[in-house]
1. Condition first: β-branched (Val, Ile, Thr) and more than 20 Å from residue 106 (Cβ to Cβ). Now tell me which residues in segment 122-168 satisfy that.
2. Would you point out the residue of segment 157-213, among those that are open to solvent by less than 20 Å² (accessible area, probe 1.4 Å) and assigned to a helix (DSSP H, G or I), that is nearest to residue 97 (Cα to Cα)?
3. Looking only at segment 107-144, how many residues end up being open to solvent by 60 Å² or more (accessible area, probe 1.4 Å), in a loop (DSSP other than H, G, I, E, B) and farther than 19 Å from residue 198 by Cα?
4. Can you find a residue that is outside any loop (DSSP other than H, G, I, E, B) and at pLDDT 80 or above anywhere in segment 47-54?
Amino acid sequence: MGELLKNYLSKYDSCQQSPTFVLFFYVKIPTIRKIHDMNKFVFLSLFIFFSSFCFAQTETLSLPWSSLGEWTAESPEESESETTWMLSSDAGVSMRFTEYKEVLTLSADQAMRGLMRSAQPDYPKGKMSILEKHSGFDSEFEYVLFSIEGKYYEPTGKPRSSMYMVVMGDEHTYVLTLSLEVAKFSGKDKKRWISFFKQGSLVEKESGEVFAQM
């Protein structure tokens, strides 16, 4: 039994991540030969694997980028907790795409409120609006869409309106920020970008297999 367990565990020697948790228990097995009426206890360990153990994280958020023209991406900024890409399109649209390496321990609604609070100093008289919010019961995953519109954006001194999307995936949390130098989104722009974000889906990085859709 000990050799079988050793061989089983040796398959995972190359894993770089720690298991989410390990459950240990004892199983009492009567021995064929009783020595001083004692029982032999065999120690077994049951490893419960989650997607983050021994398998590379495979989930990513897919959006129909090509439907909106050509995009240029700067080199990503990476830290221990997140990776951020800055993208710009040939139509003058800028997008910030942040992928947190773990699912944040808060809801999409809480993340939205935190983003609103942090953005407020840059929009002295900005208008904040919730566009769509889904808890995960009425959608395949939890997400929220909201906007901040302002005639004056403190860092540049120009008008600026931004639309945010927060997605709670199974492996990552995603935050996208679309910005235009306008005081207010037109009805056409708002409809266009909401439609763009709602075409998002969680997919397997290599194969493109869809895990969940809006």
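1. Within segment 122-168, the first condition is being β-branched (Val, Ile, Thr), and the residues that meet it are 130, 144, 148, 156, 166-167.
Result: 156, single match.
2. 197
3. 2
4. So far as segment 47-54 goes, no, none of its residues is outside any loop (DSSP other than H, G, I, E, B) and at pLDDT 80 or above.
The values are calculated or read from the model by the stated rules, or taken from the named source; none is laboratory data. Quick caveat, the model's predicted, so the values are computed rather than measured. Positions of Cβ are generated from backbone atoms using ideal geometry, with glycine treated the same way; all protein chains shown enter the neighbour counts. The area values use the complete protein model at the heavy-atom level, side chains included, leaving out ligands, DNA and RNA. Shrake-Rupley method; radii C 1.70, N 1.55, O 1.52, S 1.80 Å.
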